[in-house]
Structure formats: C-alpha cells, structure tokens
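Here's the structure, in structure tokens; my notes come after.
The values are calculated or read from the model by the stated rules, or taken from the named source; none is laboratory data. No experiment lies behind these values; they were computed from the predicted model shown. Every residue, glycine among them, receives a Cβ derived from its backbone with ideal geometry; neighbour counts consider all protein chains shown. Surface areas here come from the heavy atoms of the whole protein model, side chains and all, with no ligands, DNA or RNA. Shrake-Rupley method; radii C 1.70, N 1.55, O 1.52, S 1.80 Å.
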Amino acid sequence: MRVVRSLLLIVVIVLAAPYVLVLTYGSGHPVSTLMLWRRLTGAPMTRTWVDLDAIAPALPRTVIASEDGRFCSHHGVDWGALHEVIEDAEDGEVARGGSTITQQVAKNLFLWPGRSVVRKGLELPLALWIDLVLPKRRILEIYLNIAEWGPEGRFGAEAGAAYAFGRPAAALSAREAALMAAILPNPVVRSARNPGPGVRRLAAKYVIRAQSQGAPGCLGRNRGAFSGKSGASPP
C-alpha cells in the first residue's frame, strides 16, 4: 500500500510540475523537451534567444496567419478547429493539424512529439492554463524561440534565419518569413534554405494571408526591429 501511495504521489508531482513551471515562464528563456533531450544525448543543438521586439514583424504575423489564425481570440484551444479535425477523422479524411500555437508551446515545453490520445489529453488543459497565466505576446515569443527551424537541432527564429538566409531574425523579409512558416510542420524534411515547389507555393499563400490579416492586435505594437535585447540561451 505504501508503494502505491508513493507511486501516486510521484504521478501527481509529475502532472502538476508543468503547471507550476509555467508560472515562472513570464520571463527567462525556457527550453523544450526536445532541446533538453538533444543536450542530454550529446546531439547538436543551437538556440539563441531573441525577444519578440527583436524579430522582424513579418515573422510573428506570418506564423499566426499560417498556424493559428484565431490566436488572438481563443483561450489556448481553438475548439472550432478541433471539432473540424475530429469530424474529418470520423469521415475518413486525412487528419489536418488542429493544434493552436499555445498547444504547440505546451507540447514542446513539457510533452513529446507524435500523435496520441494520451498526449492530447495532457496538452489541452495545459494549453488552457498557459493562456490563462501568460500574455499572448509571451506565448508567441516562447513559441518562436523553441520551435525547431532547421536540421541538426536548430531551434528558434534566430538560428533558423541564420541557417536559411544568413541573416538575423530581425532582418527577415516578408517572403523569408513565409518560407520559415512553411517549413514548421517538418523543418528537417522541408527547407527554407533550399525550398522545393511545395514550400514555395505555401510561402506565397502565407504572404498573401498575412497581408490580408494585418498585424495581430493581441501582440500590441512592435517597437522596432532592434529594440529588444537578445542573447544566448542558457545551456
């Protein structure tokens, strides 16, 4: 009986830990589980943190337009999009991505890649909690700094921009931002550095979509390309 209680206590602590950690993520440079895994296993990993104000406005605007058009209005989970994905699966159609940016932050920070009912069950309430305790600007800032954006463990917009275009994230053009957004589902197979026809088509679509949607209101005013501080992330 004591062993069972100890195991239950461990499970509770493991499940509660992400909710406590999120409370500390209003500042600092969080790292993803995949980043930690690569570091622990000795695999290459590159990430230089840049604040949202130090990223070209085209990138957050295009990422929202391509990944999560209702980012500013939902509360961590886009229930309408999720319902559509479920209906498509029931109809036998190929499942589309229904995860919001906040859900991807929850997954990247605390969970594991791949699709499973268990992971999704953990991800949804965690995304709601993240949206409750962190501002939208901070959620997007974390996402842009923990997303994988290139082969050999290149994480974050700064590393992705440097690899693909040889320039900092602050200097990205609208087309370059769209190319980076187009590879987000699979940055190891897809390339912004040497984009294939499919990536180029997606990027052209995302440029138009971002322009039509305009600047996301929930992010406030971007104070200029070089107004934020940047620095290397902690090991």
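Compare the peptides 15-22, 129-136 by average per-residue count of other Cβ atoms within 10 angstrom and give them in order, highest first. Working shown, then result.
Working: 15-22: 13.4, 129-136: 17.4.
Packing order, densest peptide first, comes out as 129-136, 15-22.
Just the number, please: carbon plus sulfur as a percent of the accessible area of the chain, 1.4 Å probe, no ligands or DNA/RNA counted. Walk me through the intermediate numbers first.
On the way: 7430 of 12190 Å².
Roughly 61 percent of what the probe reaches on the chain is carbon or sulfur.
Excluding ligands, DNA and RNA, what is the solvent-accessible area per residue of the chain at a probe of 1.4 Å, expressed in Å²? It would help to have the intermediate numbers written out before the result.
On the way: 12190 Å² over 235 residues.
Result: 52 Å² per residue.
Which FRET efficiency value, to the nearest 0.05, do you get for Val189 and Leu8 by plugging their Cβ-Cβ distance into 1/(1 + (r/R0)^6) with R0 = 45 Å? The partial results should precede the final answer.
Working: r = 41 Å, r/R0 = 0.91.
After rounding to 0.05, the efficiency reads 0.65.
When a/c reaches 1.5 or more, the comparison of a/b and b/c decides; with that in mind, is segment 119-198 rounded, prolate or oblate per its Cα gyration tensor? List each step's numbers first, then the result.
Working: a/c = 2.46, a/b = 1.71, b/c = 1.44.
Prolate, since a/c reaches 1.5 and a/b exceeds b/c.
Peptides 164-172, 45-53: what's the order by average Cβ count within 10 Å, highest mean first? Each step should come with its number before you reach the end.
Values: 164-172: 18.8, 45-53: 21.6.
So the peptides 164-172, 45-53, ranked by packing, come out 45-53, 164-172.
Return the label of the correct value of Rg and Dmax of the Cα atoms in Å, as calculated from the structure shown, out of [x] 21.6, 66; [y] 18.0, 62; [z] 19.1, 62.
This structure yields the entry labelled [y].
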